[in-house]
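Here is the structure we will look at, set down as structure tokens.
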Amino acid sequence: MTEQKTRNKRGLESDEILLAKVKGYPGLSQYELAKKLKWQSGRVDGAIRRLLNEGQIVIKTLERNGRRVNLVYPEESKPTNIVEVPEKLLHVGNPTWLDSAFIYALDSTTIGISGHEMPEWAEISCFLKQIPIKRDNGKLVLEIPGNFKRFYNMDKKHRVVTINGNNLLITISGNLINEKKYPS
């Protein structure tokens, strides 16, 4: 009986740690989570199964370069057209990243977002738009316009947001082919 309680306690601790990591780094694979946490894959797998059964995470299957990859997201994932970036990661000041941002369709897989106009991006972009910046709990919240969302088919693609200097780059890749949630 004592061994079972210890195992349950350890499982709950693992679940809490993994869920925090998934919330901090949504869209990582089981392998990437194991590396980040320095855990054995079995421990990660057990925590993922428990969290999935509790409805706290979602697993999205992505096809990338002919391979299928399962990516783990928190259940309360944001809509595909919302980008949130911690304000402390950007140099926010007059006039950069205050009221509006500029979004550029740079190529078929890359969106650029800047806190100021970027003439070199404007020259090469398919289309561009100025968008309002919202703030929420120390994060900049940006809503990708509908024409960008449709062009990049963001509801069915995986995306990665990176910070390059004081700008954001969103790389769109891979087709989402399945989503596994806790059965309702």
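Exposed (fewer than 12 other Cβ atoms within 10 Å of the Cβ) and not aliphatic (A, V, I, L, M): is that true of residue 138 in this structure? Step through it out loud before you land on a result.
Numbers: exposed (fewer than 12 other Cβ atoms within 10 Å of the Cβ): yes; not aliphatic (A, V, I, L, M): yes.
In short, yes.
In this structure, is residue 34 touching a residue at least 12 places away in the same chain (Cβ under 8 Å), touching a Ser or Thr at 6+ places or on another chain (Cβ under 7 Å) and of a type outside the set (D, E, K, R)? I'd like the intermediate steps shown before the answer.
Working: touching a residue at least 12 places away in the same chain (Cβ under 8 Å): no; touching a Ser or Thr at 6+ places or on another chain (Cβ under 7 Å): yes; of a type outside the set (D, E, K, R): yes.
The answer is no for residue 34.
Could you identify the single residue in 24, 66 that is out of contact with any Phe, Trp or Tyr (no Cβ under 7 Å at 6 or more places or on another chain), at positive phi and either in contact (Cβ under 8 Å) with a residue 12 or more places away in the chain or surrounded by fewer than 16 Cβ atoms within 10 Å (Cβ to Cβ) (or both)? Explain how you work it out, then say what you get.
Working: 24 fails: at positive phi.
Answer to the selection: 66.
Whether any residue in the range 153-170 is over 26 Å from residue 71 (Cβ atoms) and surrounded by 12 or more Cβ atoms within 10 Å (Cβ to Cβ) is what I want to check.
So far as the range 153-170 goes, yes, one or more of its residues are over 26 Å from residue 71 (Cβ atoms) and surrounded by 12 or more Cβ atoms within 10 Å (Cβ to Cβ).
Yes or no: the range 82-104 includes at least one residue that is in a helix (DSSP H, G or I), in the same structural domain as residue 164 (by TED's automatic domain parsing) and hydrophobic (A, V, I, L, M, F, W, C). Spell out how you get there, then give the answer.
The initial filter retains those residues of the range 82-104 that are in a helix (DSSP H, G or I), namely 87-89.
Then keep just the ones that are in the same structural domain as residue 164 (by TED's automatic domain parsing); that gives 87-89.
Pick out the ones that are also hydrophobic (A, V, I, L, M, F, W, C) and you get 89.
Yes, the range 82-104 has at least one match.
Can you tell me how many residues in the range 48-69 are in contact with a Ser or Thr (Cβ under 7 Å, 6 or more places away or on another chain) and of a type in the set (Lys, Arg)?
Of the residues in the range 48-69, the ones in contact with a Ser or Thr (Cβ under 7 Å, 6 or more places away or on another chain) are 58, 64, 68-69.
Going one step further and asking which of them are of a type in the set (Lys, Arg), we end up with 64, 68.
Count: 2.
Please go through the range 85-144 and give me each residue that is under 15 Å from residue 168 (Cβ atoms), polar (S, T, N, Q) and without any contact (Cβ under 8 Å) to a residue 24 or more places away in the chain, ordered by number.
125, the sole residue that qualifies.
Out of the residues in the range 42-67 meeting the condition of being part of a strand (DSSP E or B) and under 18 Å from the mean Cα position of the chain (by Cα), tell me which one is farthest from residue 173 (Cα to Cα).
First, pick out the residues of the range 42-67 that are part of a strand (DSSP E or B): 57-64, 67.
With under 18 Å from the mean Cα position of the chain (by Cα) added as a condition, the list becomes 57-64.
Numbers: 57: 22, 58: 19, 59: 17, 60: 14, 61: 13, 62: 9, 63: 9, 64: 7 Å.
That would be 57.
Restricting attention to the range 168-179, does a residue exist that is outside any strand (DSSP E or B), modelled with pLDDT of 95 or more and either within 12 Å of residue 83 (Cβ to Cβ) or assigned by TED's automatic domain parsing to the domain that holds residue 48 (or both)? Reasoning before the result, please.
Going residue by residue through the range 168-179, those that are outside any strand (DSSP E or B) are none.
So far as the range 168-179 goes, no, none of its residues is outside any strand (DSSP E or B), modelled with pLDDT of 95 or more and either within 12 Å of residue 83 (Cβ to Cβ) or assigned by TED's automatic domain parsing to the domain that holds residue 48 (or both).
The values are calculated or read from the model by the stated rules, or taken from the named source; none is laboratory data. Since the structure is predicted, the reported quantities are computational estimates derived from the model, not experimental observations. Note that we place each Cβ from the backbone using ideal geometry, even for glycine, and neighbour counts take in every protein chain shown.
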